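The values are calculated or read from the model by the stated rules, or taken from the named source; none is laboratory data. Owing to the predicted nature of the structure, the values given are computational and were not obtained by experimental measurement. Cβ placement follows ideal geometry from the backbone for every residue including glycine, while neighbour counts extend to all protein chains displayed.
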Ligand code: 5GP
């Protein structure tokens, strides 16, 4: 997606350890005009899959997921990273955070994920695929089917892309970064 790639080149910053900082339009400040285009692009890419619900992870997945859901006329469920006191009856799993280097829990209420769901998962980044594996685990506990996964930015020098493309669902990324070493952003 050209508009997204230009934005990454203009505003993205490389941090140590292969991390791209895009706080100016995705991870801290959010640009709704760009998110609207992102949502429309995902809606076209995933239109024929018969998806009935979009799943994402708080916090940075919520914006692209909502714009995609709006474009597809679907509801969004965001998986939580801490179990709320008010939530009983949930599916949960533990995943490793790439950026923070710690384990954290993902949980979703049984009320909002079930065996009648055909899911599109949307997230901001695909790195090693750990968050995605957590989503696969939650969906399998619920008996829900995953039809597709869409990422705003994929880093192809990490393992997630290869891992997820071996699974039986569609995987799409709107911008793919092939290299971040030497503090240079190399886009595909
Ligand atoms: P994964 O689970 O694929 O290893 O990592 C994906 C998650 O880690 C994303 O949801 C995102 O929050 C975070 N993440 C991974 N790599 C980056 C990065 O380069 N920049 C930012 N801002 N977040 C990242």
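Details
- Flag for residue 146 being in a strand (DSSP E or B) and away from the ligand (no atom under 16 Å from the Cβ): no
- Counted residues, the range 44-73 - those being in a helix (DSSP H, G or I) and touching a residue at least 24 places away in the same chain (Cβ under 8 Å): 11
- When the range 147-185 is filtered for residues that are free of Cβ contacts under 8 Å to residues at least 60 places away in the same chain and under 13 Å from the mean Cα position of the chain (by Cα), the ones remaining, listed by number, are 149, 151, 154, 160, 161, 164, 171, 173.
- If you go through the range 83-100 and pick out every residue that is assigned to a loop (DSSP other than H, G, I, E, B) and more than 18 Å from the chain's Cα centre (by Cα), you end up with 7.
- From 137, 178, 182, residue being modelled with pLDDT under 95, surrounded by fewer than 20 Cβ atoms within 10 Å (Cβ to Cβ) and not in a loop (DSSP other than H, G, I, E, B): 182
- Residue within the range 95-103 that is buried (at least 18 other Cβ atoms within 10 Å of the Cβ) and either within 28 Å of residue 46 (Cα to Cα) or at pLDDT 95 or above (or both) present: yes
- The range 10-43, subset part of a helix (DSSP H, G or I) and touching a residue at least 40 places away in the same chain (Cβ under 8 Å), residue surrounded by the fewest Cβ atoms within 10 Å (Cβ to Cβ): 27
- Checking every residue in the range 83-91 against the condition of being crowded, with 16+ Cβ neighbours inside 10 Å and closer than 26 Å to residue 38 by Cα gives zero matches.
- Of all residues making up the range 52-73, the number that are in contact with a helix residue (DSSP H, G or I) (Cβ under 7 Å, 6 or more places away or on another chain) and either away from the ligand (no atom under 11 Å from the Cβ) or at pLDDT below 95 (or both): 8
- Selected residue [modelled with pLDDT of 95 or more, in a strand (DSSP E or B) and within 11 Å of the ligand (Cβ to nearest atom)] from 76, 108, 171, 152: 152
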